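Engineer: Right, I'll just put the structure down here and ask away after.
Each reported figure results from applying straightforward, stated rules to the coordinates on display, with no laboratory input. Computed from a predicted structure; not experimentally measured. FYI the Cβ positions are ideal-geometry reconstructions off the backbone, even for glycines, and counts take in every protein chain you see.
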Amino acid sequence: MSSHQQPKTMKQQTTNRNLKVIARAPFHVYYEGQATVVSGANKVGKFDVLPGHADFFSVMNPGEVIIETQKGPVSFNIANGIISVRNDEVMLFVNM
C-alpha cells in the first residue's frame, strides 16, 4: 500500500467477499456454496460469522442454524455440531 492510500475499513473489506460454506450431517448435506453470514449458538451464546472473521472453532448448541445466501436464508435445526472457520471457509458438521 502506498503512503497516500487509506487502509480499508472492515465494511469495505467485506462488502464484496463471501464465505464458502459446507454444512453437513453424516448422511445429509444441508448447504454447500457461497454465503454472506452464518448464524448459530454455542455455550457462550449466539454468534454470527461474516467474511473476514477470525479463525474460530466451537462446539455448537442445539438450535437453529441460519445461512444467509444471495437466494435467501437456509435454516435448519441441529441437535449438536461443531463449526470451523478459517480464511472465509466455514465448515459445519452437525447431528453426529
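Engineer: State all residues of the range 22-56 that are of a type in the set (A, V, I, L, M, F, W, C), closer than 13 Å to ASN87 by Cβ and either in contact (Cβ under 8 Å) with a residue 40 or more places away in the chain or part of a strand (DSSP E or B) (or both); if no residue qualifies, say none. Steps first, please.
Structural biologist: Restricting attention to the range 22-56, the residues satisfying the condition of being of a type in the set (A, V, I, L, M, F, W, C) are 22-23, 25, 27, 29, 35, 37-38, 41, 44, 47, 49-50, 54, 56.
Still in the running and closer than 13 Å to ASN87 by Cβ: 49, 54, 56.
Scanning the range 22-56 gives VAL49, PHE56.
Engineer: Just need a number here: residues in the range 57-88 that are of a type in the set (Lys, Arg) and either assigned to a loop (DSSP other than H, G, I, E, B) or more than 17 Å from ASN18 (Cα to Cα) (or both). Lay out the reasoning, then the answer.
Structural biologist: If we filter the range 57-88 for residues that are of a type in the set (Lys, Arg), which is where we start, we get 71, 86.
Then drop every residue that is not either assigned to a loop (DSSP other than H, G, I, E, B) or more than 17 Å from ASN18 (Cα to Cα) (or both), which leaves 71.
Counting residues in the range 57-88 that are of a type in the set (Lys, Arg) and either assigned to a loop (DSSP other than H, G, I, E, B) or more than 17 Å from ASN18 (Cα to Cα) (or both) gives 1.
Engineer: Which numbered condition in (1) farther than 16 Å from ILE22 by Cβ; (2) surrounded by 11 or more Cβ atoms within 10 Å (Cβ to Cβ); (3) touching a residue at least 24 places away in the same chain (Cβ under 8 Å) is the only one that MET91 fails?
Structural biologist: MET91 satisfies all of (1) farther than 16 Å from ILE22 by Cβ; (2) surrounded by 11 or more Cβ atoms within 10 Å (Cβ to Cβ); (3) touching a residue at least 24 places away in the same chain (Cβ under 8 Å) except (1).
Engineer: Right, next: Looking at GLU68 and the list (1) on the phi < 0 side of the Ramachandran plot; (2) surrounded by fewer than 17 Cβ atoms within 10 Å (Cβ to Cβ), which single condition is not satisfied?
Structural biologist: Failed condition: (2).
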